[in-house]
Amino acid sequence: MDLALAEARMAGARGEVPVGAVLVLNGEVVASAGNRTRERNDVTAHAEIEAIREGCRIIGDERLPGADLYVTLEPCTMCAAAISFARLRRLYYGAEDPKGGGVDNGVRFFSQPTCHHAPEVYSGFSAQAATDILKQFFAEKR
Ligand SMILES: [Zn+2]
């Protein structure tokens, strides 16, 4: 999660909403990423999607069963769907996102009957640090 927080800080330094994600397989970091939606003019370039995309490219598969994703903020619905489609084993996230989350808030994607693979979900890791990074970012924007 420390690496995910570092990715979040780097995203913030690029002017992106500071969220970071790290993909781990067999105890090794396969990919890490931060938000790049502004840089890429791509609304799908969330940290989670970037990490999954990079991980799939490196592993050479469209699915990553057995892989775990660490994210600083509760994933949105789009990312929750990508996590499900990629068949990730576990999701560890930091802060809850009552406004934009899709895991424990909003549509609760993994609990829907249309969700065909749900990872194990663990939350609250470095939640305060993740929240502080976001708060500081938006405070500086005002
Ligand atoms: Zn997302």
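The values are calculated or read from the model by the stated rules, or taken from the named source; none is laboratory data. Keep in mind it's a predicted model, so treat the numbers as computed, not measured. We place every Cβ from the backbone using ideal geometry, glycine too, and count neighbours over all the protein chains shown. Heads up: the accessible areas ignore ligands, DNA and RNA and are worked out on the full protein's heavy atoms, side chains in. Shrake-Rupley method; radii C 1.70, N 1.55, O 1.52, S 1.80 Å.
Just a few scattered comments:
- When a 1.4 Å probe is rolled over the protein heavy atoms, the share of accessible surface on the chain that falls to carbon and sulfur comes to 50 percent.
- Rounded to the nearest whole Hz, the Karplus-based 3J(HN,Hα) values (6.51 cos²θ - 1.76 cosθ + 1.60, θ = phi - 60°) of region 19-25 follow the sequence 10, x, 9, 9, 9, 10, 9, with x at glycine and proline.
- The residue among Ala67, Thr37, Pro119 whose Cα reaches farthest toward the positive pole of the charge dipole of the chain, with charges on the beta-carbon of Lys, Arg, Asp and Glu, is Thr37.
- Chain lengthening between Ala139 and Ile58 when straightened (0.36 nm per residue, less Cα-Cα): 25.5 nm
- Rolled with a 1.4 Å probe across the full set of protein chains, the surface gives Lys141 an accessible area near 120 Å².
- Average accessible surface for the chain: 52 Å² per residue, computed with a 1.4 Å probe over protein heavy atoms with every protein chain in place.
- Computed P(r) (all Cα pairs; the chain; 5 Å bins; percent): 2, 11, 22, 25, 21, 12, 5, 1, 0
- Under 5 Å from the amide H of Tyr93 lie the amide H atoms of Val71, Tyr122, Ser123, Gly124, Phe125, each residue being 5 or more positions distant or on a separate chain, with H modelled from the backbone and absent for Pro and chain starts.
- Taking the chain and dividing mean pair separation by its residue count, relative contact order in percent (alpha carbons under 8 Å, at least six apart): 21 percent
- Distance from region 35-106 to region 110-142 (C-alpha centre basis), Å: 10 Å
- When the chain is treated as a Gaussian network with alpha carbon springs shorter than 10 Å, the biggest mean-square fluctuation among Asp104, Asp68, Asp132 belongs to Asp132.
- Within the listed set Val103, Val121, Val17, the Gaussian network model of the chain (springs between alpha-carbon atoms below 10 Å) gives the highest mean-square fluctuation for Val121.
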